[in-house]
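Since the structure comes first, as C-alpha coordinates, the remarks are kept for the end.
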Amino acid sequence: MLYRENGQFKTTYRADLQIFPIQQDRIALMLFLLVAFVAVPMFASEYLFRAILIPFLILSLAAIGLNILVGYCGQISLGTGAFMAVGAYAAYNFFVRIEGMPLVVALLLGGLCATAVGVVFGIPSLRIKGLYLAVATLAAQFFADWTFLRIKWFTNDSSSGSVSVSGLSLFGFPVETPVQKYLFCLMAVAGFGLLAKNLVRGAIGREWMAMRDMDVAAAVIGIRPVYAKLSAFAVSSFIVGVAGGLWGFVHLGSWEPAAFSIDRSFQLLFMVIIGGLGSIMGSFFGAAFIVLLPIALNQIPGWLGIPISTATASHLESMIFGALIVFFLIVEPHGLARLWSIAKEKLRLWPFPH
(Lines give C-alpha, C1' and ligand atoms only; values in the text may rest on other atoms or scores of the structure.)
Protein backbone atom coordinates (compact mmCIF):
# COMPACT_ATOMS: atom_id res chain seq x y z
CA MET A 1 0.00 0.00 0.00
CA LEU A 2 3.00 2.33 0.41
CA TYR A 3 3.99 2.26 -3.27
CA ARG A 4 0.84 3.79 -4.74
CA GLU A 5 0.12 6.84 -6.91
CA ASN A 6 -3.15 7.86 -5.30
CA GLY A 7 -3.36 11.61 -4.91
CA GLN A 8 -0.34 12.34 -7.13
CA PHE A 9 -1.93 14.54 -9.78
CA LYS A 10 0.11 15.93 -12.68
CA THR A 11 -1.16 19.25 -14.00
CA THR A 12 1.62 20.06 -16.52
CA TYR A 13 3.42 18.24 -19.31
CA ARG A 14 6.69 18.92 -17.51
CA ALA A 15 5.47 17.01 -14.45
CA ASP A 16 4.18 14.17 -16.61
CA LEU A 17 7.50 13.77 -18.44
CA GLN A 18 9.87 13.89 -15.48
CA ILE A 19 12.38 11.07 -15.01
CA PHE A 20 10.75 9.75 -11.84
CA PRO A 21 7.01 10.49 -12.06
CA ILE A 22 6.20 8.62 -8.81
CA GLN A 23 6.99 10.51 -5.62
CA GLN A 24 8.17 7.37 -3.79
CA ASP A 25 10.81 6.84 -6.47
CA ARG A 26 12.13 10.37 -6.02
CA ILE A 27 12.30 9.97 -2.24
CA ALA A 28 14.03 6.59 -2.55
CA LEU A 29 16.58 8.04 -4.98
CA MET A 30 17.36 10.96 -2.69
CA LEU A 31 17.82 8.62 0.27
CA PHE A 32 20.03 6.35 -1.81
CA LEU A 33 22.23 9.25 -2.90
CA LEU A 34 22.41 10.50 0.67
CA VAL A 35 23.63 7.11 1.85
CA ALA A 36 26.10 6.84 -1.06
CA PHE A 37 27.61 10.30 -0.54
CA VAL A 38 27.51 10.52 3.27
CA ALA A 39 27.06 7.18 5.04
CA VAL A 40 29.27 4.99 2.84
CA PRO A 41 32.40 7.21 3.10
CA MET A 42 31.96 7.29 6.88
CA PHE A 43 31.56 3.58 7.58
CA ALA A 44 32.93 1.55 4.62
CA SER A 45 36.31 -0.17 4.92
CA GLU A 46 39.27 0.32 2.62
CA TYR A 47 38.80 -3.18 1.20
CA LEU A 48 35.18 -2.37 0.33
CA PHE A 49 36.26 0.75 -1.55
CA ARG A 50 39.12 -0.84 -3.48
CA ALA A 51 37.62 -4.25 -4.29
CA ILE A 52 33.92 -3.52 -4.72
CA LEU A 53 32.68 0.06 -4.77
CA ILE A 54 35.20 1.78 -7.06
CA PRO A 55 35.26 -1.06 -9.66
CA PHE A 56 31.47 -1.24 -9.52
CA LEU A 57 31.06 2.49 -10.23
CA ILE A 58 33.53 2.57 -13.11
CA LEU A 59 32.20 -0.60 -14.74
CA SER A 60 28.66 0.76 -14.35
CA LEU A 61 29.69 3.85 -16.29
CA ALA A 62 31.24 1.72 -19.04
CA ALA A 63 28.12 -0.47 -19.14
CA ILE A 64 25.93 2.63 -19.54
CA GLY A 65 27.98 3.65 -22.56
CA LEU A 66 27.77 0.18 -24.10
CA ASN A 67 24.06 -0.06 -23.35
CA ILE A 68 23.41 3.11 -25.34
CA LEU A 69 24.97 1.45 -28.39
CA VAL A 70 23.76 -2.13 -27.98
CA GLY A 71 20.56 -1.79 -25.95
CA TYR A 72 19.12 1.44 -27.32
CA CYS A 73 20.48 1.56 -30.88
CA GLY A 74 20.81 -2.17 -31.52
CA GLN A 75 24.40 -2.02 -32.84
CA ILE A 76 26.42 -5.00 -31.61
CA SER A 77 29.91 -4.09 -30.40
CA LEU A 78 32.77 -6.29 -29.22
CA GLY A 79 35.35 -3.52 -29.09
CA THR A 80 34.39 -1.79 -25.85
CA GLY A 81 37.71 -2.66 -24.24
CA ALA A 82 39.49 -0.91 -27.12
CA PHE A 83 37.53 2.30 -26.59
CA MET A 84 38.30 2.13 -22.87
CA ALA A 85 41.99 1.75 -23.75
CA VAL A 86 41.88 4.73 -26.11
CA GLY A 87 40.29 6.86 -23.40
CA ALA A 88 42.82 5.76 -20.79
CA TYR A 89 45.96 6.20 -22.92
CA ALA A 90 44.76 9.46 -24.47
CA ALA A 91 43.99 10.90 -21.03
CA TYR A 92 47.41 9.69 -19.83
CA ASN A 93 49.22 11.47 -22.67
CA PHE A 94 47.30 14.70 -22.12
CA PHE A 95 47.99 14.46 -18.39
CA VAL A 96 51.76 13.84 -18.55
CA ARG A 97 52.69 15.81 -21.67
CA ILE A 98 50.84 19.07 -20.90
CA GLU A 99 52.06 20.81 -17.78
CA GLY A 100 49.31 21.59 -15.30
CA MET A 101 46.63 19.63 -17.15
CA PRO A 102 43.59 19.24 -14.82
CA LEU A 103 42.45 15.69 -14.17
CA VAL A 104 38.86 16.27 -15.31
CA VAL A 105 39.96 17.94 -18.56
CA ALA A 106 42.38 15.08 -19.30
CA LEU A 107 39.61 12.50 -18.78
CA LEU A 108 37.17 14.42 -20.99
CA LEU A 109 39.77 14.82 -23.72
CA GLY A 110 40.44 11.09 -23.50
CA GLY A 111 36.72 10.54 -23.97
CA LEU A 112 36.76 12.78 -27.06
CA CYS A 113 39.62 10.76 -28.53
CA ALA A 114 37.64 7.59 -27.89
CA THR A 115 34.68 9.28 -29.62
CA ALA A 116 36.74 9.87 -32.76
CA VAL A 117 37.96 6.26 -32.83
CA GLY A 118 34.45 4.97 -32.13
CA VAL A 119 32.97 6.95 -35.02
CA VAL A 120 35.66 5.61 -37.37
CA PHE A 121 34.93 2.01 -36.41
CA GLY A 122 31.19 2.76 -36.44
CA ILE A 123 31.20 3.68 -40.13
CA PRO A 124 30.78 -0.01 -41.17
CA SER A 125 27.46 0.00 -39.27
CA LEU A 126 26.01 2.04 -42.14
CA ARG A 127 26.31 -0.97 -44.46
CA ILE A 128 26.47 -4.05 -42.22
CA LYS A 129 24.79 -5.21 -39.02
CA GLY A 130 24.49 -8.21 -36.72
CA LEU A 131 27.37 -10.64 -36.63
CA TYR A 132 29.27 -8.80 -39.36
CA LEU A 133 29.18 -5.57 -37.35
CA ALA A 134 30.37 -7.45 -34.27
CA VAL A 135 33.38 -8.70 -36.22
CA ALA A 136 34.07 -5.19 -37.52
CA THR A 137 34.09 -3.75 -33.99
CA LEU A 138 36.21 -6.68 -32.83
CA ALA A 139 38.85 -5.41 -35.24
CA ALA A 140 39.07 -2.26 -33.09
CA GLN A 141 40.05 -4.44 -30.14
CA PHE A 142 42.94 -6.08 -31.97
CA PHE A 143 44.01 -2.76 -33.48
CA ALA A 144 44.11 -1.09 -30.05
CA ASP A 145 46.01 -4.00 -28.49
CA TRP A 146 48.66 -3.85 -31.20
CA THR A 147 48.90 -0.04 -31.19
CA PHE A 148 49.42 0.45 -27.48
CA LEU A 149 51.78 -2.50 -27.24
CA ARG A 150 54.01 -1.69 -30.23
CA ILE A 151 54.00 2.10 -30.60
CA LYS A 152 56.03 3.40 -27.66
CA TRP A 153 54.92 7.01 -28.06
CA PHE A 154 51.52 6.22 -26.54
CA THR A 155 53.19 4.85 -23.41
CA ASN A 156 55.61 7.80 -23.12
CA ASP A 157 58.47 5.59 -24.41
CA SER A 158 58.05 3.04 -21.61
CA SER A 159 60.11 -0.07 -22.35
CA SER A 160 57.70 -2.41 -20.54
CA GLY A 161 54.54 -0.90 -22.05
CA SER A 162 53.11 -0.07 -18.62
CA VAL A 163 52.28 3.47 -17.53
CA SER A 164 51.41 5.01 -14.17
CA VAL A 165 49.94 8.24 -12.83
CA SER A 166 50.13 9.88 -9.43
CA GLY A 167 49.39 13.16 -7.73
CA LEU A 168 45.74 13.28 -8.82
CA SER A 169 43.73 16.29 -7.72
CA LEU A 170 40.35 17.86 -8.44
CA PHE A 171 40.19 21.68 -8.27
CA GLY A 172 43.06 21.67 -5.78
CA PHE A 173 41.64 18.84 -3.64
CA PRO A 174 43.71 15.62 -3.67
CA VAL A 175 42.23 12.41 -5.08
CA GLU A 176 44.53 9.90 -3.43
CA THR A 177 42.76 8.04 -0.63
CA PRO A 178 40.13 5.33 -1.32
CA VAL A 179 37.38 7.60 0.03
CA GLN A 180 38.40 10.48 -2.23
CA LYS A 181 38.60 8.17 -5.26
CA TYR A 182 35.19 6.72 -4.44
CA LEU A 183 33.56 10.14 -4.18
CA PHE A 184 35.18 11.28 -7.43
CA CYS A 185 33.90 8.19 -9.28
CA LEU A 186 30.47 8.55 -7.68
CA MET A 187 30.12 12.14 -8.89
CA ALA A 188 31.22 11.12 -12.40
CA VAL A 189 28.77 8.20 -12.57
CA ALA A 190 25.89 10.28 -11.19
CA GLY A 191 26.52 13.03 -13.74
CA PHE A 192 26.90 10.74 -16.75
CA GLY A 193 24.00 8.57 -15.61
CA LEU A 194 21.70 11.59 -15.52
CA LEU A 195 23.00 12.71 -18.92
CA ALA A 196 22.44 9.28 -20.46
CA LYS A 197 18.95 8.99 -18.98
CA ASN A 198 17.92 12.32 -20.46
CA LEU A 199 19.46 11.48 -23.84
CA VAL A 200 17.54 8.23 -24.22
CA ARG A 201 14.31 9.97 -23.18
CA GLY A 202 14.74 12.72 -25.77
CA ALA A 203 14.45 12.93 -29.53
CA ILE A 204 17.86 11.39 -30.20
CA GLY A 205 17.02 8.46 -27.94
CA ARG A 206 13.80 7.82 -29.83
CA GLU A 207 15.80 7.83 -33.07
CA TRP A 208 18.18 5.23 -31.63
CA MET A 209 15.31 3.00 -30.55
CA ALA A 210 13.61 3.36 -33.93
CA MET A 211 16.83 2.21 -35.64
CA ARG A 212 17.03 -0.70 -33.22
CA ASP A 213 13.45 -1.86 -33.81
CA MET A 214 13.41 -1.55 -37.62
CA ASP A 215 15.96 0.56 -39.44
CA VAL A 216 14.12 0.49 -42.79
CA ALA A 217 10.91 1.82 -41.26
CA ALA A 218 12.89 4.44 -39.33
CA ALA A 219 14.46 5.68 -42.56
CA VAL A 220 11.03 5.81 -44.23
CA ILE A 221 9.62 8.13 -41.55
CA GLY A 222 12.55 10.54 -41.92
CA ILE A 223 15.20 9.36 -39.45
CA ARG A 224 18.69 9.61 -40.92
CA PRO A 225 20.51 6.29 -40.39
CA VAL A 226 23.94 7.93 -40.73
CA TYR A 227 23.24 10.45 -38.00
CA ALA A 228 21.45 8.01 -35.68
CA LYS A 229 24.02 5.22 -35.83
CA LEU A 230 27.14 7.38 -35.74
CA SER A 231 25.74 9.53 -32.92
CA ALA A 232 25.13 6.35 -30.91
CA PHE A 233 28.72 5.24 -31.54
CA ALA A 234 29.98 8.72 -30.61
CA VAL A 235 28.06 9.03 -27.33
CA SER A 236 28.78 5.43 -26.36
CA SER A 237 32.50 5.72 -27.10
CA PHE A 238 32.76 9.01 -25.19
CA ILE A 239 31.25 7.55 -22.02
CA VAL A 240 33.27 4.34 -22.36
CA GLY A 241 36.45 6.38 -22.96
CA VAL A 242 35.88 8.39 -19.78
CA ALA A 243 35.25 5.12 -17.93
CA GLY A 244 38.53 3.77 -19.32
CA GLY A 245 40.35 6.84 -18.04
CA LEU A 246 38.81 6.39 -14.60
CA TRP A 247 39.73 2.70 -14.63
CA GLY A 248 43.36 3.50 -15.36
CA PHE A 249 43.78 6.69 -13.31
CA VAL A 250 41.61 6.02 -10.28
CA HIS A 251 41.28 2.24 -9.91
CA LEU A 252 44.55 0.85 -11.26
CA GLY A 253 46.99 3.76 -11.03
CA SER A 254 49.44 1.74 -13.12
CA TRP A 255 48.36 -0.33 -16.10
CA GLU A 256 49.36 -1.95 -19.38
CA PRO A 257 47.41 -2.84 -22.55
CA ALA A 258 46.35 -6.19 -21.06
CA ALA A 259 44.11 -4.27 -18.65
CA PHE A 260 41.80 -3.50 -21.60
CA SER A 261 41.92 -6.84 -23.38
CA ILE A 262 39.09 -8.58 -25.21
CA ASP A 263 38.06 -10.16 -21.90
CA ARG A 264 37.07 -6.68 -20.73
CA SER A 265 34.88 -6.27 -23.83
CA PHE A 266 33.09 -9.55 -23.19
CA GLN A 267 32.72 -8.72 -19.50
CA LEU A 268 30.95 -5.45 -20.32
CA LEU A 269 28.71 -7.19 -22.86
CA PHE A 270 27.76 -9.73 -20.18
CA MET A 271 26.86 -6.86 -17.85
CA VAL A 272 24.50 -5.36 -20.41
CA ILE A 273 22.84 -8.69 -21.21
CA ILE A 274 22.40 -9.80 -17.60
CA GLY A 275 21.47 -6.33 -16.32
CA GLY A 276 19.04 -5.54 -19.11
CA LEU A 277 19.31 -4.30 -22.69
CA GLY A 278 17.95 -0.81 -23.19
CA SER A 279 17.95 0.12 -19.50
CA ILE A 280 20.18 2.56 -17.60
CA MET A 281 19.24 0.84 -14.34
CA GLY A 282 20.14 -2.50 -15.89
CA SER A 283 23.72 -1.30 -16.39
CA PHE A 284 24.07 -0.89 -12.62
CA PHE A 285 22.47 -4.27 -11.95
CA GLY A 286 24.80 -5.99 -14.41
CA ALA A 287 27.91 -4.30 -13.02
CA ALA A 288 26.94 -5.21 -9.45
CA PHE A 289 26.40 -8.82 -10.47
CA ILE A 290 29.71 -9.10 -12.32
CA VAL A 291 31.68 -7.48 -9.47
CA LEU A 292 30.04 -9.39 -6.62
CA LEU A 293 29.83 -12.87 -8.17
CA PRO A 294 33.60 -13.66 -8.11
CA ILE A 295 33.85 -12.42 -4.52
CA ALA A 296 30.85 -14.51 -3.50
CA LEU A 297 32.26 -17.63 -5.17
CA ASN A 298 35.51 -17.18 -3.27
CA GLN A 299 33.94 -16.40 0.11
CA ILE A 300 30.73 -18.44 0.41
CA PRO A 301 32.33 -21.94 0.13
CA GLY A 302 34.72 -20.98 2.94
CA TRP A 303 31.84 -19.84 5.13
CA LEU A 304 30.09 -23.17 4.48
CA GLY A 305 33.24 -25.16 5.21
CA ILE A 306 33.58 -26.37 1.60
CA PRO A 307 37.17 -26.20 0.33
CA ILE A 308 37.40 -24.81 -3.19
CA SER A 309 40.46 -23.80 -5.15
CA THR A 310 40.93 -20.51 -6.97
CA ALA A 311 40.95 -22.30 -10.35
CA THR A 312 37.66 -24.05 -9.55
CA ALA A 313 36.08 -20.74 -8.50
CA SER A 314 37.22 -19.19 -11.79
CA HIS A 315 35.69 -22.04 -13.80
CA LEU A 316 32.46 -21.83 -11.80
CA GLU A 317 32.33 -18.11 -12.53
CA SER A 318 32.56 -18.70 -16.29
CA MET A 319 29.95 -21.48 -16.14
CA ILE A 320 27.51 -19.35 -14.15
CA PHE A 321 27.99 -16.40 -16.52
CA GLY A 322 27.25 -18.60 -19.52
CA ALA A 323 24.22 -20.22 -17.90
CA LEU A 324 22.76 -16.87 -16.85
CA ILE A 325 23.25 -15.36 -20.30
CA VAL A 326 21.38 -18.28 -21.88
CA PHE A 327 18.70 -18.05 -19.17
CA PHE A 328 18.09 -14.34 -19.62
CA LEU A 329 18.13 -14.52 -23.42
CA ILE A 330 15.43 -17.23 -23.33
CA VAL A 331 13.33 -16.41 -20.27
CA GLU A 332 13.75 -12.66 -19.79
CA PRO A 333 15.68 -10.90 -22.59
CA HIS A 334 15.45 -7.59 -20.73
CA GLY A 335 17.46 -8.95 -17.79
CA LEU A 336 17.43 -7.99 -14.14
CA ALA A 337 16.04 -4.54 -14.90
CA ARG A 338 12.84 -6.11 -16.23
CA LEU A 339 12.47 -8.23 -13.09
CA TRP A 340 12.87 -5.06 -11.04
CA SER A 341 10.22 -3.33 -13.17
CA ILE A 342 7.81 -6.25 -12.71
CA ALA A 343 8.32 -6.14 -8.94
CA LYS A 344 7.50 -2.42 -8.91
CA GLU A 345 4.33 -3.03 -10.94
CA LYS A 346 3.26 -5.71 -8.46
CA LEU A 347 3.80 -3.30 -5.58
CA ARG A 348 1.67 -0.67 -7.30
CA LEU A 349 -1.26 -3.14 -7.44
CA TRP A 350 -0.77 -4.97 -4.14
CA PRO A 351 -2.86 -6.21 -2.36
CA PHE A 352 -5.44 -6.10 -5.17
CA PRO A 353 -5.17 -8.79 -7.90
CA HIS A 354 -6.24 -6.59 -10.83
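The values are calculated or read from the model by the stated rules, or taken from the named source; none is laboratory data. All of these numbers come straight from a predicted model, not from anything done at the bench. Positions of Cβ are backbone-derived with ideal geometry, glycine not excepted, and every protein chain shown enters the neighbour counts. For accessibility, only protein heavy atoms count, side chains too; no ligands or nucleic acids. Shrake-Rupley method; radii C 1.70, N 1.55, O 1.52, S 1.80 Å.
Is it true that residue 224 is open to solvent by 50 Å² or more (accessible area, probe 1.4 Å) and either over 13 Å from residue 57 (Cα atoms) or free of Cβ contacts under 8 Å to residues at least 60 places away in the same chain (or both)? So residue 224 passes the test. For the range 10-40, the set of residues classified as at pLDDT 85 or above, open to solvent by 60 Å² or more (accessible area, probe 1.4 Å) and among the β-branched types (Val, Ile, Thr) consists of 27, 35, 38, listed by residue number. Each residue in the range 81-109 was checked for being among the small types (Gly, Ala, Ser), assigned to a helix (DSSP H, G or I) and either surrounded by fewer than 21 Cβ atoms within 10 Å (Cβ to Cβ) or more than 16 Å from the chain's Cα centre (by Cα) (or both), and 3 pass. Here residue 294 passes the criteria (1) open to solvent by 80 Å² or more (accessible area, probe 1.4 Å); (2) of a type outside the set (A, V, I, L, M, F, W, C); (3) within 26 Å of residue 192 (Cβ to Cβ); (4) free of Cβ contacts under 8 Å to residues at least 24 places away in the same chain except the one numbered (1).
Contact annotation: residue pairs with Cβ atoms under 9 Å, 6 or more positions apart or on different chains, pairing a residue in the range 133-144 that is within 17 Å of residue 74 (Cβ to Cβ) and free of Cβ contacts under 8 Å to residues at least 60 places away in the same chain with a partner that is of a type outside the set (A, V, I, L, M, F, W, C) and open to solvent by 40 Å² or more (accessible area, probe 1.4 Å), are 133/124; 136/124.
One residue stands out among those in the range 256-286 that are over 22 Å from residue 212 (Cβ atoms) and of a type in the set (A, V, I, L, M): the one that is surrounded by the most Cβ atoms within 10 Å (Cβ to Cβ), which is 259. From the list 53, 78, the lone residue that is part of a loop (DSSP other than H, G, I, E, B), of a type outside the set (Phe, Trp, Tyr) and buried (at least 18 other Cβ atoms within 10 Å of the Cβ) is 78. Filter the range 159-211 for residues that are at pLDDT 90 or above, of a type in the set (Phe, Trp, Tyr) and either more than 19 Å from residue 246 (Cα to Cα) or over 22 Å from the mean Cα position of the chain (by Cα) (or both) and give the result. Of everything in the range 159-211, just one residue is at pLDDT 90 or above, of a type in the set (Phe, Trp, Tyr) and either more than 19 Å from residue 246 (Cα to Cα) or over 22 Å from the mean Cα position of the chain (by Cα) (or both), namely 208.
Taken over the range 222-269, residues that are part of a loop (DSSP other than H, G, I, E, B) and more than 21 Å from residue 203 (Cβ to Cβ) amount to 3.
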